[in-house]
Amino acid sequence: MQRIELRPRADWQQRVEAVGMNYHTLDGDVYWDESACYRFTASQIDILDDATAELHALCLKAVQAIIDRKLFKQLLIPDWAVPYIVDSWERREPSVYGRFDLAWDGSGQPKLLEYNADTPTALLEAGVVQWFWLRDCYPDADQFNSIHEKLLVFWQDYRQRQPSLHFAGVDSSDEDSGNLEYLRDTAVQAGLQTHRLAIDQIGWDANRQRFVDLRNNPIDALFKLYPWEWLLQEEFGPYLPQAQPAMLEPPWKLLLSNKGLLPILWELFPGHPNLLEASFADRPLLGDYVRKPLYSREGANIQIRRGASLVETGGSYGGESCIYQRYTPLPEFGGNFPVIGSWIIADQPAGIGIREDKTEITGNNSRFIPHYFVEN
C-alpha cells in the first residue's frame, strides 16, 4: 500500500460534477482530493476482499446471537421495536449495502474500526467518481470496485418483490442528496418505478393505517437515508410495525448499526484477526483505547487514550452508553491517516473507498482519496 502524490486533472471539478458529485468541496476545503492516490497490489486487494466477506459473515451471526440472548436493552433499542426487528430478521428482509471501516497499512490483517450498516455514504465517490478518475489517470490499472454492477443486480432482484420504491432523505445535505440520487438512479436503471421525497414529507393516513407521500399515495416500500435510531424516535415511528412498509435498510440492520456491535463481536469471536478487543462501558479496557458512543456519527464525541495522551472530539452524542475499543494506530503517510471503507453490496464484497485526514479521527469533511491496484 503506497500513497502517491499527483497533479489533479486540470478540469477535475467539471469532471466530477458531470457524474453527479456536486459536493466535491465542503466548507471551502477540497473533499474529493485527487492530489494523491493509493496504490495496492492484487494480493492486497484479495486480502481486503476476504476480510470483508469474513466480517459480513460474523455480523450476520451476531444478529442471531443478539436476538437469541435478548441483548436489545444493551443496544438501547426500545421494547416496542423488538418484535418488529425480530420479525424482519426471521423473514430475511433483504439488505442493500453496508460499509466496514478498516485500519490497514497493506500488511497483516485489516482491523475493523466500525460498521456503517444503516446509512453509509461516500457511495457515489467509491462507485462512480473514482472509476472515471481511474480511466483518465491509470487506464491500464484496475480498481477494487464492482459497486455499480452489484447495485444493478440487487435492484433487478428486488424488483421481483417490489416494483415501486420511494426514496427519502434529508434534503438539506448535498452529500446525502447526492448519494440518495445515485442509489435511486441505479434502481431506475434496473427497471424500478421510483418516487423521491424528503423524510419530513412522509405522512400518516390514520384511516388507512398507511404511510403516504405528498400525493396521498401509499408508501409500500421505502429506501430511507435516515438513521433507524432517529426514525424510531419520530412521532410516527411507533406506527412502522403496524403499517409494515418494506424498508431498506431493513429493521434488523439496527442491530448492526451502533457501536455496541463491536464488543458483542469480540465476545462471540475473541481473538479474531479482523477484530479489535472491545467492551461495554461497565468493563473498560486497560491500556490504550478509543471510547465511542453507541450512536455517534462522523467522528463526533470520540476519545482516544494513548498513555498520558488524550484526544477528544466534540459533538451532540455521548449522553447515551459508550463502548471501549482497543486502540490500533492508523497508517501514516506524511501526516495523512487513511481509513479504508470496504463495501458490502447484496451480501458480497464490492469495493473500497478511502477517507483521509490529518488526524486519526475521520470526520465529516475528511478527504476522499481514489485508489488503484496492479498485479503483484
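The values are calculated or read from the model by the stated rules, or taken from the named source; none is laboratory data. Values in this document were obtained by computation on a predicted structure and should not be read as measured data. Using ideal geometry, Cβ is built from the backbone for each residue, glycine included, and neighbour counts are taken over all protein chains shown.
State which residue is surrounded by the fewest Cβ atoms within 10 Å (Cβ to Cβ) when the search covers only the range 303-338 and only residues that are among the β-branched types (Val, Ile, Thr) and in contact with a strand residue (DSSP E or B) (Cβ under 7 Å, 6 or more places away or on another chain).
Val311
Scanning the range 157-186 for residues being within 18 Å of Gln348 (Cα to Cα), surrounded by 15 or more Cβ atoms within 10 Å (Cβ to Cβ) and not aromatic (Phe, Trp, Tyr) gives a total of 2. Is it the case that some residue within the range 193-204 is of a type in the set (A, V, I, L, M, F, W, C) and under 24 Å from Tyr31 (Cα atoms)? No: the range 193-204 contains no residue that is of a type in the set (A, V, I, L, M, F, W, C) and under 24 Å from Tyr31 (Cα atoms). Listed by first and then second residue, the pairs linking a residue in the range 137-151 that is modelled with pLDDT of 95 or more to a residue that is part of a loop (DSSP other than H, G, I, E, B), with Cβ atoms under 7 Å apart and 6 or more places separating them unless they lie on different chains, are Lys150/Ala346.
Among the residues of the range 346-355, is there at least one that is within 16 Å of Glu114 (Cα to Cα) and out of contact with any helix residue (DSSP H, G or I) (no Cβ under 7 Å at 6 or more places or on another chain)? Yes, there is a match, as at least one residue in the range 346-355 is within 16 Å of Glu114 (Cα to Cα) and out of contact with any helix residue (DSSP H, G or I) (no Cβ under 7 Å at 6 or more places or on another chain).
Is it the case that Gly341 is buried (at least 23 other Cβ atoms within 10 Å of the Cβ), in the same structural domain as Trp104 (by TED's automatic domain parsing), in contact (Cβ under 8 Å) with a residue 60 or more places away in the chain and out of contact with any Pro (no Cβ under 8 Å at 6 or more places or on another chain)?
no
A count restricted to the range 117-147 and to residues that are in a helix (DSSP H, G or I) and among the acidic types (Asp, Glu) stands at 2. Could you look through the range 357-373, keep only residues that are among the charged types (D, E, K, R) and in a strand (DSSP E or B), and pick out the one that is farthest from Ser279 (Cα to Cα)? Looking at the filtered set, the residue picked out is Arg367. Contact map, the range 166-183: first residue within 17 Å of Ile202 (Cβ to Cβ), second residue of a type in the set (A, V, I, L, M, F, W, C) and part of a loop (DSSP other than H, G, I, E, B), Cβ cut-off under 7 Å, separation 6 or more or different chains; pairs are His166/Ile219; Ala168/Ile202; Asp176/Val170.
The number of residues in the range 236-259 that are assigned to a loop (DSSP other than H, G, I, E, B) and either under 17 Å from Leu197 (Cβ atoms) or at pLDDT 95 or above (or both) comes to 5.
Tell me, please, whether a residue that is hydrophobic (A, V, I, L, M, F, W, C) and either in contact with a Leu (Cβ under 9 Å, 6 or more places away or on another chain) or at positive phi (or both) can be found in the range 353-373. No.
Any idea which of (1) of a type outside the set (Asp, Glu); (2) assigned by TED's automatic domain parsing to the domain that holds Tyr226; (3) touching a Lys or Arg at 6+ places or on another chain (Cβ under 9 Å) is the one Lys253 doesn't satisfy? So the condition that Lys253 fails would be (3).
Determine whether Leu124 is more than 24 Å from Ser366 (Cβ to Cβ) and surrounded by 18 or more Cβ atoms within 10 Å (Cβ to Cβ).
So Leu124 fails the test.
Search the range 231-288 for residues being among the aromatic types (Phe, Trp, Tyr) and without any contact (Cβ under 8 Å) to a residue 60 or more places away in the chain, and hand back the single one that is surrounded by the fewest Cβ atoms within 10 Å (Cβ to Cβ). It comes out as Phe236.
Reported count of residues in the range 344-358, each being surrounded by fewer than 20 Cβ atoms within 10 Å (Cβ to Cβ) and either closer than 18 Å to Cys37 by Cα or hydrophobic (A, V, I, L, M, F, W, C) (or both), is 4. Take Arg208 and tell me if it is assigned to a loop (DSSP other than H, G, I, E, B), loosely packed, with under 15 Cβ neighbours inside 10 Å and touching a His at 6+ places or on another chain (Cβ under 9 Å). Answer is no for this residue.
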